Amino acid sequence: CIRDSLGGFESFVYEAVVEDQPRIVKVTWHERRTPEQMGAELHFVNYLADGGAPVCRGVPLADGSLVGTVPAAGGAFHVYAFEKAPGAMLTREERTDEHWIRWGALVGRMHRLSAAYPGPPHPLHRPSWEKEYEEIGSLLDAQPELRRAFDRTIEAIRALPRDPSAFGAMHTDLHGHNIFWTGLDPHVFDFDDMLDFWFVSDLAIVLYYQLIGVDDDRQAEFERVRKLLLRGYESQHALPAWSHAALPLFLALREQTLWAVIERSIPAGERTGPWQRWFVEATERIAAGRPALDLRL
């Protein structure tokens with residue numbers, strides 16, 4: 001039975017109870033994702049879970065299928081379900097050094113497993129990163145300077161090697177709202193945006209969202225968290241040196257992508273003070289070609 005609506009940014013998300021077990025049910029409009037893409041997400045998530053990663057496993061619906069379709073006027077909704085993550089989200093103040101080390105180890109473990117991932121069976125397929133970022137780029141068309149900056153970032157990323165140890169299926173949205181914690185143990189969910197992409201992007205995203213609200217000595221916080229994150233990450237997986245050197249590109253990509261998504265989804269009059277301030281600052285940085293968050297990298 002459906003117990004509560006949890007909102008959702010690009011899907012409708014509900015909490016349900018099935019045979020006394022808490023479940024998360026996600027409902028997505030057919031134009032956003034196909035059942036084949038959703039099935040590929042579930043296949044990867046369950047592969048990670050089988051490998052020991054602390055992710056929320058996809059679970060069958062009542063009819064035994066992993067993805068269901070509900071017809072609606074003008075189209076259809078696709079439905080799937082997951083285990084509910086135990087624990088709770090950490091506030092910034094609750095994130096200790098050990099949490100950052102564990103967070104890094106979590107990302108490294110997922111990437112190590114992904115490097116050996118055989119991929120989903122036909123006809124399941126993951127989205128193309130080129131297509132996803134093509135759509136992001138189109139959101140910047142009304143801002144030519146920002147669009148040119150975005151295109152330069154994409155071209156530089158496209159030229160990077162695709163070593164199996166550095167490129168593969170990954171979460172792509174590992175900020176703090178997509179991880180719950182019980183003590184020092186993380187539990188990951190929301191693989192909606194998973195892509196085949198460069199692994200260093202996951203690290204860039206973790207770092208970017210930690211720093212976005214920091215005003216005092218952001219550089220020192222970046223260096224502190226990066227050191228802890230990499231200590232944990234490198235206990236599980238090794239990236240080639242060129243991949244680490246590409247971190248500034250992926251920080252820039254996150255800033256440009258976030259700008260585009262906020263411009264599309266949150267009207268100017270509805271942006272809170274901190275978000276509006278970030279939006280103005282990010283606009284200036286991107287247009288001027290300055291590093292993301294004005295970090296020295």
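The values are calculated or read from the model by the stated rules, or taken from the named source; none is laboratory data. Since the model is a prediction, treat every value here as computed from it, not as a measurement. Heads up, the Cβs are rebuilt from the backbone with ideal geometry, glycines too, and the neighbour counts pull from every protein chain shown. Heavy atoms of the whole protein, side chains included, go into the accessibility calculation; ligands, DNA and RNA do not. Shrake-Rupley method; radii C 1.70, N 1.55, O 1.52, S 1.80 Å.
Add +1 for every Lys or Arg and -1 for every Asp or Glu among the other residues with Cβ under 12 Å from the Cβ of LEU249, and state the total. Before the final figure, lay out the partial values.
Working: positive: ARG152, ARG158, ARG254; negative: GLU155, GLU255.
Result for the neighbourhood of LEU249: +1.
For helix 35-50, report the angle its Cα long axis makes with the longest principal axis of the Cα atoms of the chain; keep it between 0 and 90° and round to the nearest 10°. Result, in degrees: 80. Peptide packing for 198-207, 264-273 was compared via the average number of neighbouring C-beta atoms within 10 Å per residue; ordered from the highest value, the list is 198-207, 264-273.
Counted by Cβ distance under 15 Å from ASP97, the other residues give a net charge of +2, where Lys and Arg count +1 and Asp and Glu count -1.
For the chain, the solvent-accessible area of protein heavy atoms averages 47 Å² per residue (probe radius 1.4 Å; ligands and nucleic acids excluded).
On region 129-174, 50 percent of the accessible area sits on carbon and sulfur atoms, based on a 1.4 Å probe.
Could you tell me what percent of the accessible area of region 26-95 is made up of carbon and sulfur, with a 1.4 Å probe and every protein chain present? Working shown, then result.
Details: 1850 of 3230 Å².
Carbon and sulfur: 57 percent of the exposed surface of region 26-95.
For ALA62, the shell of other residues with beta-carbons less than 14 Å away shows a net charge of -1, using +1 for Lys and Arg and -1 for Asp and Glu.
Between 0 and 90 degrees, the angle of helix 129-138 with respect to the longest Cα principal axis of the chain falls at about 60 degrees. Along the charge dipole of the chain, which of GLY104, GLY58, VAL17 sits closest to the positive end, that is, farthest toward it, with unit charges on the beta carbon of Lys, Arg, Asp and Glu (+1, +1, -1, -1)? The listed residue farthest towards the positive side: GLY104. Against the chain, whose longest principal axis comes from its Cα atoms, helix 144-158 is set at around 70 degrees.
Across the accessible surface of region 186-297, with the other protein chains kept in place and a 1.4 Å probe, carbon and sulfur atoms take up 53 percent. Residue ranking by accessible heavy-atom surface, 1.4 Å probe, largest first, among GLU19, GLU41, GLU221, GLU135 comes out as GLU19, GLU135, GLU221, GLU41.
About the Cα centre of the chain, what is the dipole size in debye to 20, counting +1 per Lys and Arg Cβ and -1 per Asp and Glu Cβ, all else neutral? Write out the running numbers ahead of the final one.
Details: 31 positive and 43 negative charges, 98 e Å.
Here the chain has a charge dipole of around 460 debye.
Seen through its C-alpha gyration tensor, with square-root eigenvalues sorted a ≥ b ≥ c, region 1-113 comes out prolate because a/c lies at 1.5 or above while a/b is bigger than b/c.
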